[in-house]
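Contents: one structure, followed by commentary.
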Amino acid sequence: MLYPLNKISMDNHSTILIIDDEPALLLGLAAKIRRQGYQVVTASDGSEGMQKAKEVLPDLILSDVMMPPPNGFELRKLMGQDPNLSSIPFIFLTARTGVEDRVNGIRDGADDYITKPFVTEELFARIEAVLRRVKVSQERGREEVRASAQQDMENLKREILQNFHHELRTPLSNIIMPLELVVNKKFEDPEEQIQFVRTALSSVDRLESLVTDFILLTNIDHGDLNRIRQRIDINSYILIPVQKRLERYKAKELNFVYEIKGQGEIMAPRREFTHALVHLVDNAFKFSPDSGKVKLTLEIDTNGGVLILIEDEGPGISEDQREKIFTRYYQISQGDNREQDGLGVGLFIAQAVFSSLGGNVTLLDGSNGCRVLATLPNLRANDISYG
């Protein structure tokens, strides 16, 4: 059957690799295909064809079957083992006309099988059909990927809203109810009244921390994190905030210890530095077992820098999770199965804060528990500092 040429696309920039050990056929077929608007690369045997395929990554391969090793069938199998070549459509050109040969060709991954001698127009039509089929398949795949990504994003949005609702409503409720009791109830025991006020204040701290998270996330997205480095009073900006956070885990009866080395002063943006450090320590508190030990070590340099090591006795972090934990909302991305409270932004914020100052946050290997090292470098020539 003849196929009219006016149905063949003349505006085609696809690249076709032709592999055949017959020089005359190779030359003539290449010339005809070029006239149809395709880019053409040729190879005279399977070994050269394999090399050319790796170099140019063609859109389609036309290959003879009966060639010196590797023959066409063997070549298709070899390409099927290469992730860069396995998806390239493959059409066999061969003098073999047996049904078994055709079946073997299709089983080995061929997209079509044309016997010699062939009508040129039929070959062109089959090339167009294979390329069109591949294009449709790729577009369908892209649509599926886009749909899947959209669904993942919708799920993430839902989880963010659900958890934001929980993280916001819980401290608000714990503020409102104790204060209503304090206002409306006459307490005979002043200590009982003070306890209700303390409960409200504790929830105010939770709410303030959540608001600071969102402020810093906005600053990170806009690229305007505060980088002005001020003197950090260790008691006011490290120990007291950490002790306050430890109060959240009072029921676990954790053993928190700290060690300070060096005689210098830490220079950092106060709010950002303290918030990042508290997030790092909070993770240690959160994942430590009951009565577990958490150690904070500060090794202060001479010109504003500090090495901060936080060690706990928790389950540690597996190799495949080490990069993921610094991803924004990673805790949320665990869906309904997540075991811990929080929005999953603490490590992301800590990494962003230290990175903005030329430092970083890394996980260190250890025999048990988790060891986190935060590095704040010494003042640099272009750093703004005061205080």
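The values are calculated or read from the model by the stated rules, or taken from the named source; none is laboratory data. As the structure is a prediction and not an experimental result, all values here were calculated from the model. Quick reminder, even Gly has a Cβ in these numbers, built from the backbone with ideal geometry, and neighbours come from all protein chains shown. Surface accessibility is based on the protein's heavy atoms, side chains included, excluding ligands, DNA and RNA. Shrake-Rupley method; radii C 1.70, N 1.55, O 1.52, S 1.80 Å.
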- Here the residues within region 29-47 that are in contact with a helix residue (DSSP H, G or I) (Cβ under 9 Å, 6 or more places away or on another chain), open to solvent by 40 Å² or more (accessible area, probe 1.4 Å) and farther than 19 Å from M66 by Cα are K32, Q39
- Message: Pairs needed: first member in region 251-266, under 13 Å from T297 (Cβ atoms) and open to solvent by 100 Å² or more (accessible area, probe 1.4 Å); second member anywhere, at pLDDT 95 or above and not aromatic (F, W, Y); C-beta distance under 6 Å; at least 6 residues apart or different chains.
- Response: Y258/L296
- Note on the structure: Residue hits (region 284-304; of a type outside the set (K, R) and not in a loop (DSSP other than H, G, I, E, B)) are A284, F285, F287, V294, L296, T297, L298, E299, I300, G304
- Query: Under 6 Å by Cβ, and 6 or more places apart or on different chains, what pairs join a residue from region 191-207 that is farther than 16 Å from H275 by Cα and in contact (Cβ under 8 Å) with a residue 60 or more places away in the chain with one that is among the basic types (K, R) and in a helix (DSSP H, G or I)?
  - Reply: none
- Message: Tell me whether region 13-22 contains one or more residues that are at pLDDT 90 or above, hydrophobic (A, V, I, L, M, F, W, C), touching a Pro at 6+ places or on another chain (Cβ under 9 Å) and buried (at least 17 other Cβ atoms within 10 Å of the Cβ).
- Response: yes
